[in-house]
Amino acid sequence: KGLLKTREERLVVLDDDPTGTQTVHGVPVLTTWDVPALTAELMSSPVFYVLTNSRSLPTNQAQALAREIGENLNAAEQQSGRGFSVVSRSDSTLRGHYPAETDALDKALGGGFDGTVLLPFFEEGGRLTLNDIHYVAQGEQLVPAAQTEFAKDASFGFKHSRLQNYVEEKTGGAVKAQDVVSITLEDLRVNGPPAVIARLESLPKGGVAVVNSVSYRDQEVFVAGLLSAEALGKRYIYRTAASFVRIRAGIAARPLLEPEELRGPGSHGGLIVVGSYVPKSTEQLNLLLERPDLSPVELDVNALLEAGPAAEATRAAAAVNEALTAGQDVVLYTSRTLRTGGNQEDNLRIGRTVSNALCTVVQGL
């Protein structure tokens, strides 16, 4: 906390997917990134999110978007007089446009960064890094990330759980595994922030540091060292999962929302939207659908892709509206059979069609 109080710059979190805010509260989330909006937020908020949803875009469009936001942030900094640090928030299971987005941000923000910090720890989801291996908790087991369904993602698949090898894989060999600096649990738990500073200072210019972490306490020690290194003049781009933001921004923990906090005034029902198709989401959805007090509405992906999205979205919106007006809680969910295309661009296009249809239904409430 003391280190954070000495910092005047803002923390800007570029979120490539709508789920990145799940570890914070009381934080503004922008869905636009024009210079006036960014300027206003730099002047008024110590931390804020910009929802880019770039994981739904092809790589070249994601890079163009990162460049645009980076350039707009530079202009907003000039107008507001407020400096900033940037988090490129992405998935805790290593899916996303890495290093395309961080490379584009580096250039757009004027370069000169001392390196990128890769930190996929997400305690709430059981995504932990130990001995440089990134794990995903499945029940009582920790499974290396490359052995999970996430690594088979049609758009962002990968082969390596060891983060150094993951970096080499994703950079196409531009960054060799042996050149990636590891900040170990021993560094954090035995030697503390001074060890973090030393590791970061050993990073070759523009290099990559990976961070081991299995608890929020590990994050606190790392951030203490990181802030101290930056106070000495170092600059880093952060490529992290959700848990890092709460610690770096100094946001206090709070209990999970209680059911009564989710109920607004009036007699209408509430809406739950489930678009994710991964097996974990399907397990959660199946449990939800066992509740007799919920009205289920399925959005048929085959109908969206084959008959056109307008008719299917209109049908689903009518069903949702009818149930909500009757005071029923509704779960709107996509059909569970995954549709894929012939390449990454086709897969992303299918994903955008589905997500746009979900948004159309919500807009029609």
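The values are calculated or read from the model by the stated rules, or taken from the named source; none is laboratory data. It should be emphasised that the depicted structure is a prediction, and the values quoted were computed from it without experimental measurement. Cβ placement follows ideal geometry from the backbone for every residue including glycine, while neighbour counts extend to all protein chains displayed. Just the protein is used for accessible areas: all its heavy atoms, side chains included, with ligands, DNA and RNA removed. Shrake-Rupley method; radii C 1.70, N 1.55, O 1.52, S 1.80 Å.
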Strands (runs of 3 or more DSSP E) completely within the range 256-365 that count 1 or more residues being free of Cβ contacts under 8 Å to residues at least 40 places away in the same chain:
294-299
Counting just the residues of the range 268-292 that are open to solvent by 80 Å² or more (accessible area, probe 1.4 Å) and not polar (S, T, N, Q), which one comes out farthest from SER155 (Cα to Cα)?
HIS268
Where LEU203 falls short, out of the listed (1) over 13 Å from TYR98 (Cα atoms); (2) without any contact (Cβ under 8 Å) to a residue 24 or more places away in the chain
(2)
Members of the range 155-169 that are within 18 Å of the chain's Cα centre (by Cα) and assigned to a loop (DSSP other than H, G, I, E, B):
SER155, PHE156, GLY157, PHE158
Residue list for the range 67-85, filter: open to solvent by 10 Å² or more (accessible area, probe 1.4 Å) and either in a loop (DSSP other than H, G, I, E, B) or closer than 12 Å to VAL13 by Cα (or both)
GLY81, ARG82, GLY83, PHE84, SER85
Subset of the range 18-68 [touching a strand residue (DSSP E or B) at 6+ places or on another chain (Cβ under 7 Å) and in contact (Cβ under 8 Å) with a residue 60 or more places away in the chain]
GLY20, THR21, VAL27, PRO46, VAL47
The correct count of residues that are out of contact with any strand residue (DSSP E or B) (no Cβ under 7 Å at 6 or more places or on another chain) and open to solvent by 30 Å² or more (accessible area, probe 1.4 Å) in the range 214-227 is 2
Going by the structure shown, is SER45 in contact with a Pro (Cβ under 7 Å, 6 or more places away or on another chain), open to solvent by less than 30 Å² (accessible area, probe 1.4 Å) and among the polar types (S, T, N, Q)?
yes
Quick one: in the range 229-287, of everything that is charged (D, E, K, R) and within 30 Å of VAL208 (Cα to Cα), which residue is nearest to the chain's Cα centre (by Cα)?
ARG239
